[in-house]
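Remarks on the structure that follows.
The values are calculated or read from the model by the stated rules, or taken from the named source; none is laboratory data. Everything numeric here is computed off the predicted structure, so don't read it as measured data. No Cβ is skipped: glycine too gets one built from the backbone with ideal geometry, and neighbour counts run over all protein chains shown. Only protein heavy atoms, including side chains, enter the accessible area calculation; ligands, DNA and RNA are left aside. Shrake-Rupley method; radii C 1.70, N 1.55, O 1.52, S 1.80 Å.
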Amino acid sequence: MKSPAIIAAIIAAALGATPVLADDFPSAVSVSGEATVSAAPDLAQIDAGVANDAKTAKEASDANNAAMGKVLLALKGAGIDEKDYQTSRLSLQPQYATSSKTSDRATSIVSFRASNRVTVKIHDVTKVASVIDTLVGAGANDIGNISFEVTQASKLLDGAREQALADARRKAEIYAKAAGVTLGAPLSISEGGGPMPLFKSRVAAAPVAAAPAQVAPGEETLSVTVNVGWAIKPTQ
């Protein structure tokens, strides 16, 4: 019959742990525990932009500045704090005529396109649809990259951390019982994992007369993983 020390070494090796059989350190078993919790998001983020074409760069830039000015004014009128929206991209690019001759492409500029994008944070997710309607009504013709976030994710995971630790102990006790040993005190506890990636979607801008935007925030699933190592000892 194998000794408890040899059994402990076999368990540790099977679980990816490094068994230490020297007298200075106790043998150990290491397992991971997981738990999840669902929560409604409390923050949304939207990208909105305007693009304008004109025969000259100045005309395109002037038209774009005026269009974005209306969008920013509409956001302010909707009660969005100025600190919650900022320019995320600004560009002015020449537009070329389609030509089959490579040599003509460098000189066949037919117009210029100016674009400006702004990122908006919305702290009340129930207002996402109305903000989208406001943006479209103000002239935004490119809206998308909507994301939802749970801002207090770490705090909400506190209960899940206890569940993850209990899950790790349950697994460790199964291995210990099968090996004919008992669990001792925890030797190490470390946390891994975290909230799952944010849900993102893209919404195409609709005409002003279209039906109001339909947005479903849903719930975010937050997860946590703990890695725990326990000392093991022979069953008395």
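Numerical summary
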{"read-out": "Distance in nm between pseudo-label sites at Ser111 and Ile189 (7 Å out along the Cβ direction from Cα)", "value": "6.4"}
{"read-out": "Inter-label distance, nm, simple model (7 Å from Cα along the C-beta direction), Ala216/Thr87", "value": "3.8"}
{"read-out": "1.4 Å probe accessible area per residue over the stretch 46-194, in Å²", "value": "57"}
{"read-out": "Unsatisfied cross-links (Cα-Cα over 28 Å) in the set Lys70/Lys127; Lys83/Lys127; Lys171/Lys233; Lys55/Lys76; Lys70/Lys155; Lys70/Lys121", "value": "Lys55/Lys76; Lys70/Lys155"}
{"read-out": "Paramagnetic label zone (point 7 Å from Cα along Cα-to-C-beta, Asn145; backbone N under 12 Å) in the stretch 78-95", "value": "86-90"}
